[in-house]
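Below: the structure, in structure tokens.
The values are calculated or read from the model by the stated rules, or taken from the named source; none is laboratory data. Keep in mind it's a predicted model, so treat the numbers as computed, not measured. Cβ: placed from backbone, ideal geometry, glycine included. Neighbour counts: every protein chain shown.
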């Protein structure tokens, strides 16, 4: 049920994005200076942002949450080498190239 409502909201927003009713006229002006089409798209963008928040909050796939755990963050994820990167462990620390990287640059 929740998935169908969210899918219907996305389809509705797609249809509403095709605002053919404001193509030919910039009047009326909103707040006395803003063309109605621009105001429509500004409000539409806010509605899209709220919709994306709802989608992430309530329809996020569980397999992505399981990778991090409930308390995890992306900064604590291991790198491909299997350890936490220096930049993630201490963002203010200076990161220097490893011995392998230094050898490649000297060749």
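Taking the options 15, 43, 11, name whichever one is closer than 18 Å to residue 58 by Cα and outside any loop (DSSP other than H, G, I, E, B).
Details: 15 fails: closer than 18 Å to residue 58 by Cα; 43 fails: closer than 18 Å to residue 58 by Cα.
The conditions single out 11.
Restricting attention to segment 18-40, which residues are surrounded by 11 or more Cβ atoms within 10 Å (Cβ to Cβ) and either out of contact with any strand residue (DSSP E or B) (no Cβ under 7 Å at 6 or more places or on another chain) or in a helix (DSSP H, G or I) (or both)? Step through it out loud before you land on a result.
Just the residues of segment 18-40 that are surrounded by 11 or more Cβ atoms within 10 Å (Cβ to Cβ), to begin with: 19, 22, 26, 29-30, 34-40.
Matches in segment 18-40: 19, 22, 30, 34, 36, 37, 38, 39, 40.
Do the conditions hold for residue 51, that is, is it assigned to a helix (DSSP H, G or I), surrounded by 13 or more Cβ atoms within 10 Å (Cβ to Cβ), at pLDDT 90 or above and under 18 Å from the mean Cα position of the chain (by Cα)? Before the answer, list the steps.
Working: assigned to a helix (DSSP H, G or I): yes; surrounded by 13 or more Cβ atoms within 10 Å (Cβ to Cβ): yes; at pLDDT 90 or above: yes; under 18 Å from the mean Cα position of the chain (by Cα): yes.
So residue 51 fits the description; yes.
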